[in-house]
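Have a look at the structure below, then the notes.
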Amino acid sequence: MSTADRARDALARLVDASATERVLISTAALVLSVLIGAVLVLVAGRMTTCTVGEAVYYFGTGFCYDPVVVFDRLFLGALGDPFSGGWSPNGQFAVTLRESTLLLFTGLSVALAFRAGIFNIGTQGQMVVGALATALGVLWASSLVSGALGTVVLIPFGLFVGAVFGGLYGAVPGLLKAYADANEVITTIMLNFIATGIALYLVSGVFKDPESAANQTVPLPEFAQFPALLFGAQQDFSIVALGFGLLAVVALYYVLEHTAFGYDVRTSGVQPEAAEYGGVDAKRTVVASLTLSGALGGIAGAMYVMMVLGTFQTGIPAYGFDGITVSILAGNNPLGVGVAALLFGVLKSGTTVVQFATDVPPQLVGVLRGLIILFVAMPEFFRLLARGLPGTGSKPEAVATDGGAAGDRGGEADE
Amino acid sequence: MPSAVHLDGITKRFPGVVANDDVDLEVERGTVHALLGENGAGKTTLMNVLYGLYEPTSGEVRLDGKTHAFGSPRDAIDAGIGMIHQHFMLVDPMTVTENITLGNEPRKWGGLAVDRAGSREAVVELADRYGFDVDPDARIEDVSVGEQQRVEILKALYRGADTLILDEPTAVLTPQEVGELFDVLDELTAQGKTIIFITHKLGEAMRAADEISVLRDGRKVGSVDADATTQAELAELMVGREVLLDVDHGTAETGGVVASVSDVAVDDDRGVRAVDGVSFEVRGGEVFGIAGVDGNGQSELVEAVTGLRTPDAGEIRFRGEDVTTASRRDRIDAGMAYVPEDRQDRGLVMEFDLVENGLLGSQHGTELAANGRIDWSKTRGHAQAIIDEYDVRPPDADTDAESLSGGNQQKFIVGREFERDPELVVASHPTRGVDVGSIEFIHERLLELRQQGVAILLVSSKLEEVQGLSDRLAVVYEGEFIDVVDPDETTEEELGLLMAGERPGDDGGGGGEPEPTGNADGTERGGLADRTDAAGGERA
């Protein structure tokens, strides 16, 4: 098959009915959540007081908060104001990409486990373990190499250490599930607490930076951190890290869709009995997918240490838990995780912009964010909506076969 | 008087497929009309049009001469149509009464509360009127499949149905329950109800229906009077050519022992001994059949042989190696093909399309997936070859397994397993739910494999299937082999007695509890290939 044919195939798959439908639904969700959010902003603006000069007027009524400004800041602010000439490579857009990069890895971590039918709630803990191991490993190794060579060696080394320790920490609930029949939801949640606790103990004790008041390790030398190429110098963002992230998206997609291991994982995820029949070793698959999932979480931790903090500090933000939302939003599809992580990054970074630019309370911005995610996460609602519209009476389940599936649906309609 | 149901020139197109092509169907009030056709002939699609699930591309639905355009099943129900699906739509923990009245309960206290006494009364009255044997207070999960089906029928009647559509109603029933169902249908038509039932079983169509319409490839190829036709005529209409209803199994050169089972004991999921000390061997070029009423340990024995269940005692050898505790993977790699009993849980990944399903079991170390990397274009070609060779409909490799009908799912699995180039084929109910034309094809392929020296272990609850195909036939009863016989030298009656647990030379001993299914309705052997699909777990 020639490259052109492949490209055409790929394009055909992208624009097939379900893909178009997904884009339409996402757009509708975004529009609807913004509209409802705007009403909330207006109502909240009526219930507070402000000077006449600060108020905006719609429909002849004064409001204290302007929804147009709020959403402008939330989205365009997060993108670094690309249309108003103020765009800078070191601006807010770099923050957005930084958040997105970290969410890419945690999102992929959760997605892989979910595809295997395993609810890995432990990405946060795997990230903490990976972060701590990376910080300690790189600190140790940075005494051996330095300068440009140090950067070239230490960054892959740090990612590797993060992946290994995150992976080992992910393997624990995997082994417990496979050989001791322990529910992974419980074990991964508990292992999150254990990871945080142990990290706090170590970093407030033996590995504490004596010159710092905070619970943190000695800072990594500059050459052991991700370099700020092209942009992001002041925002702790490195395009190199994003490059790794996009590579991970493609790699995970390839593994799931084009390898025997991925086939085993997906089969176990949707129908364990059929996987068993097809010769898939269930225990091995559970351990392997949780290990790999943990490794991705560990890499997120390594990124956080080597790109954002430059040290390990306790109290790592909840990227691991946000990764669950990102993954579910993306339908656990690695390619979708790319898009969902960007949306999430925009919302996270835009929130701070709104807080700087307006008087809108942060809680309200949180509500607006929640609304957007809520609507994007309920595609079925929009399918129902579309079905109810006149002129769209045809049913999407075009099944031209004799029996089964169509009949079952009929029965549901019957109730 | 206009017909109760008149489908006038119904055409239903789906993207790329014409499911129904200008079909006319007239059903008189108070009659039973059978809609006969192979898997994928368009029977269910046609009935879904009548039930309002699909809008026809062209054509009209007329009830008692009045034209209807149904937008949803709700409209069809309001017009007096009721449909009983193959897979029941009942809430298991709720009672019979609750299920029947669900959504339309009699109310009290100004509509605030369900009138339970009134509901029960209404159900009892309805059941009495049609002579149905149901317990209004029993929970659905506690009653038999036959009774669940009667509840489904009552549910439709409770909603005022005049015309009932039954989709493959006998697939899940035991022979006795089939008889009871046909009595129920007689009573319903006597009281003026109209019945349409979908089937691919010739004998049932002739037995229960007044008139039979045959669909083939979406077209109606004929309507015949049930009393004035023969099974051969129906089979020919259905398949489009003459069908050999009897198997001519000939003989093949028998080779060495391929698989042997010695003193194997297996427990079922509840820890109860299901197989107790069974020994046999299967040689290359031989079909070793196991006959028995379902639930006598066949499933557990097969799972032990294929590696899905570990035996508690005994030894299983395959090609000279001890495989008693070998993994499923090792057995597949060593050349063991397996058509599983449960196609929807085991045999297919329902969410996957047929391309992906064609890979199941071959995803490691085959030319479809060398070095851990899947070659999707080869895999697609492989799936398409199975689809073409085994006549899977619709012939589209991108179809999800769950949207195929049961028979077509089965054909795909059989194709995948037979084309594995196996040393041993373990076939559990290989033709369950499959139409008559495809049964013939599957049987031919099975015998071809035998001719090529493949060893075949065949388990089936269809007596004429195991008897017709096997070279040696074991009869299993309560986890033990009662006897191993030469199927050509044994009559169906003798086999029936063995299946009921009567040991050879045993005078009226072993408790004849499970009825011998083989001769349940006394039809001649070989007359009908799918007659005793008893107690089968067929689901769509």
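The values are calculated or read from the model by the stated rules, or taken from the named source; none is laboratory data. Predicted model, so just to flag it, every value in this text is computed and none were measured. No Cβ is skipped: glycine too gets one built from the backbone with ideal geometry, and neighbour counts run over all protein chains shown.
Are there any pairs with C-beta distances below 7 angstrom linking a residue in region B:186-206 that is farther than 27 Å from B:Leu237 by Cα to a residue that is part of a loop (DSSP other than H, G, I, E, B), with the two at least 6 apart or on different chains, and if so which?
So the pair list comes out as B:Glu187/B:Tyr130; B:Glu187/B:Gly131; B:Leu188/B:Tyr130; B:Gln191/B:Tyr130; B:Gly192/B:Arg29; B:Gly192/B:Gly30; B:Lys193/B:Asp162.
Among helices (runs of 4 or more DSSP H) lying entirely in region A:220-279, which contain 3 or more residues that are more than 14 Å from chain B (Cβ to nearest Cβ)?
A:239-258
Among the residues of region A:297-320, is any over 30 Å from A:Trp140 (Cβ atoms), assigned by TED's automatic domain parsing to the domain that holds A:Lys177 and part of a loop (DSSP other than H, G, I, E, B)?
Scanning region A:297-320 turns up no residue that is over 30 Å from A:Trp140 (Cβ atoms), assigned by TED's automatic domain parsing to the domain that holds A:Lys177 and part of a loop (DSSP other than H, G, I, E, B).
Of all residues being touching a Gly at 6+ places or on another chain (Cβ under 7 Å) and surrounded by fewer than 19 Cβ atoms within 10 Å (Cβ to Cβ) in region A:213-237, which is nearest to A:Pro89 (Cα to Cα)? Just the residue, please.
Checked region A:213-237; the qualifying residue nearest to A:Pro89 (Cα to Cα) is A:Phe223.
Matching residues to (1) aliphatic (A, V, I, L, M); (2) away from chain A (no Cβ under 13 Å):
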residue: B:Ala259; (1), (2): yes, yes
residue: B:Asp267; (1), (2): no, yes
residue: B:Gly284; (1), (2): no, yes
residue: B:Glu300; (1), (2): no, yes
residue: B:Arg319; (1), (2): no, yes
residue: B:Asp330; (1), (2): no, no
residue: B:Met336; (1), (2): yes, no
residue: B:Gln363; (1), (2): no, no
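Of the numbered conditions (1) touching a Gly at 6+ places or on another chain (Cβ under 8 Å); (2) in contact (Cβ under 8 Å) with a residue 40 or more places away in the chain; (3) not assigned by TED's automatic domain parsing to the domain that holds B:Arg445; (4) not small (Gly, Ala, Ser), B:Thr379 fails exactly one; give the number of that condition.
(2)
Only one residue in B:Ala79, B:Ala34 is touching a residue at least 24 places away in the same chain (Cβ under 8 Å) and either outside the structural domain of B:Glu121 (by TED's automatic domain parsing) or not β-branched (Val, Ile, Thr) (or both), so which one is that?
B:Ala34
So, in region A:178-212, exactly how many residues are under 30 Å from A:Asn90 (Cα atoms) and touching a Ser or Thr at 6+ places or on another chain (Cβ under 7 Å)?
Counting residues in region A:178-212 that are under 30 Å from A:Asn90 (Cα atoms) and touching a Ser or Thr at 6+ places or on another chain (Cβ under 7 Å) gives 1.
Here are some residues: A:Gly338, A:Gly331, A:Gly350, A:Gly370. Which one is modelled with pLDDT of 85 or more and surrounded by fewer than 18 Cβ atoms within 10 Å (Cβ to Cβ)?
A:Gly370
I'd like to know if region A:22-43 contains one or more residues that are more than 24 Å from the chain's Cα centre (by Cα) and at pLDDT below 80. Can you show your working first?
Taking region A:22-43 as the starting set, the residues that turn out to be more than 24 Å from the chain's Cα centre (by Cα) are A:35-36, A:38-43.
Now narrow it down to the ones that are at pLDDT below 80: none.
So far as region A:22-43 goes, no, none of its residues is more than 24 Å from the chain's Cα centre (by Cα) and at pLDDT below 80.
Which one is nearest to the other protein chains (Cβ to nearest Cβ), of the residues in region B:154-169 that are farther than 28 Å from B:Asp294 by Cβ and part of a helix (DSSP H, G or I)?
Among those that are farther than 28 Å from B:Asp294 by Cβ and part of a helix (DSSP H, G or I), it is B:Ala156.
If you take just the helices (runs of 4 or more DSSP H) that sit entirely in region B:340-453, which of them hold at least 3 residues that are more than 20 Å from the chain's Cα centre (by Cα)?
On the way: elements: B:354-358, B:376-389, B:406-418, B:436-451.
It comes to B:354-358, B:376-389, B:436-451.
Just checking, does region A:74-97 include any residue being within 18 Å of A:Phe312 (Cα to Cα) and buried (at least 24 other Cβ atoms within 10 Å of the Cβ)?
No.
Name the single residue, out of those in region B:99-132 being within 14 Å of chain A (Cβ to nearest Cβ) and either in a loop (DSSP other than H, G, I, E, B) or among the basic types (Lys, Arg) (or both), that is surrounded by the fewest Cβ atoms within 10 Å (Cβ to Cβ).
B:Gly103
I'd like to check something: does region B:170-185 contain any residue that is part of a strand (DSSP E or B) and more than 14 Å from chain A (Cβ to nearest Cβ)?
Scanning region B:170-185 turns up no residue that is part of a strand (DSSP E or B) and more than 14 Å from chain A (Cβ to nearest Cβ).
What are the residues in region B:249-275 that are of a type in the set (Asp, Glu), under 23 Å from B:Glu480 (Cβ atoms) and surrounded by fewer than 16 Cβ atoms within 10 Å (Cβ to Cβ), if any?
Matches in region B:249-275: B:Asp263, B:Asp269.
Looking only at residues that are in contact with a helix residue (DSSP H, G or I) (Cβ under 9 Å, 6 or more places away or on another chain) and facing another protein chain (nearest Cβ under 8 Å) in region B:365-384, which one is farthest from A:Asp264 (Cα to Cα)?
Of everything passing the filter in region B:365-384, B:Trp376 is farthest from A:Asp264 (Cα to Cα).
With respect to A:Val339, is the statement that it is in a helix (DSSP H, G or I), assigned by TED's automatic domain parsing to the domain that holds A:Val128 and touching a residue at least 24 places away in the same chain (Cβ under 8 Å) true?
Details: in a helix (DSSP H, G or I): yes; assigned by TED's automatic domain parsing to the domain that holds A:Val128: yes; touching a residue at least 24 places away in the same chain (Cβ under 8 Å): no.
It is false that A:Val339 is in a helix (DSSP H, G or I), assigned by TED's automatic domain parsing to the domain that holds A:Val128 and touching a residue at least 24 places away in the same chain (Cβ under 8 Å).
Within region B:52-69, can you find the residues that are within 11 Å of another protein chain (Cβ to nearest Cβ) and crowded, with 19+ Cβ neighbours inside 10 Å?
B:Gly52, B:Leu53, B:Tyr54
Which of the following residues is outside any helix (DSSP H, G or I) and assigned by TED's automatic domain parsing to the domain that holds A:Val250: A:Phe119, A:Phe160, A:Phe165?
Answer to the check: A:Phe119.
With the structure loaded, tell me whether B:Gln467 is crowded, with 24+ Cβ neighbours inside 10 Å and not assigned by TED's automatic domain parsing to the domain that holds B:Gly415 or whether it fails that test.
yes
Among what's in region B:1-46 and is aliphatic (A, V, I, L, M) and within 13 Å of chain A (Cβ to nearest Cβ), pick the residue that is farthest from B:Arg216 (Cα to Cα).
Start the filter on region B:1-46 by keeping residues that are aliphatic (A, V, I, L, M), which leaves B:1, B:4-5, B:7, B:10, B:17-19, B:23, B:25, B:27, B:32, B:34-36, B:41, B:46.
Right, trim to within 13 Å of chain A (Cβ to nearest Cβ) and you get B:17-19, B:35-36, B:41, B:46.
On the way: B:Val17: 14, B:Val18: 12, B:Ala19: 10, B:Leu35: 11, B:Leu36: 9, B:Ala41: 5, B:Leu46: 12 Å.
Filtering region B:1-46 for residues that are aliphatic (A, V, I, L, M) and within 13 Å of chain A (Cβ to nearest Cβ), the one farthest from B:Arg216 (Cα to Cα) comes out as B:Val17.
For region A:248-262, does any single residue satisfy the condition of being of a type in the set (Gly, Ala, Ser) and either crowded, with 24+ Cβ neighbours inside 10 Å or touching a residue at least 40 places away in the same chain (Cβ under 8 Å) (or both)?
Just the residues of region A:248-262 that are of a type in the set (Gly, Ala, Ser), to begin with: A:248, A:251, A:260, A:262.
Restricting the remaining residues to those that are either crowded, with 24+ Cβ neighbours inside 10 Å or touching a residue at least 40 places away in the same chain (Cβ under 8 Å) (or both) gives A:248.
Yes: one or more hits.
Check region B:184-191 and report whether any residue there is over 18 Å from the mean Cα position of the chain (by Cα), small (Gly, Ala, Ser) and crowded, with 22+ Cβ neighbours inside 10 Å.
no
Which of the residues belonging to region A:48-67 are under 20 Å from A:Gln355 (Cα atoms) and either surrounded by 10 or more Cβ atoms within 10 Å (Cβ to Cβ) or in contact with a Lys or Arg (Cβ under 6 Å, 6 or more places away or on another chain) (or both)?
Those that are under 20 Å from A:Gln355 (Cα atoms) and either surrounded by 10 or more Cβ atoms within 10 Å (Cβ to Cβ) or in contact with a Lys or Arg (Cβ under 6 Å, 6 or more places away or on another chain) (or both): A:Thr48, A:Cys50, A:Glu54, A:Ala55, A:Val56, A:Phe63, A:Cys64, A:Tyr65, A:Asp66, A:Pro67.
Being surrounded by 22 or more Cβ atoms within 10 Å (Cβ to Cβ) and assigned to a helix (DSSP H, G or I) is the filter; apply it to region B:70-88 and report the residue that is farthest from the other protein chains (Cβ to nearest Cβ).
B:Ala76
Here are some residues: B:Val91, B:Val49, B:Val96. Which one is of a type outside the set (Gly, Ala, Ser), more than 9 Å from chain A (Cβ to nearest Cβ) and within 29 Å of B:Pro394 (Cα to Cα)?
B:Val49
Mind listing just one residue for me: the one in region B:339-376 that is on the phi > 0 side of the Ramachandran plot and in contact (Cβ under 8 Å) with a residue 24 or more places away in the chain and, of those, surrounded by the most Cβ atoms within 10 Å (Cβ to Cβ)?
As a first pass, look at region B:339-376 and keep what is on the phi > 0 side of the Ramachandran plot: B:361, B:365, B:371-372.
Next cut, in contact (Cβ under 8 Å) with a residue 24 or more places away in the chain only: B:361, B:365.
Working: B:Gly361: 24, B:Gly365: 14.
Looking at residues that are on the phi > 0 side of the Ramachandran plot and in contact (Cβ under 8 Å) with a residue 24 or more places away in the chain, I get B:Gly361.
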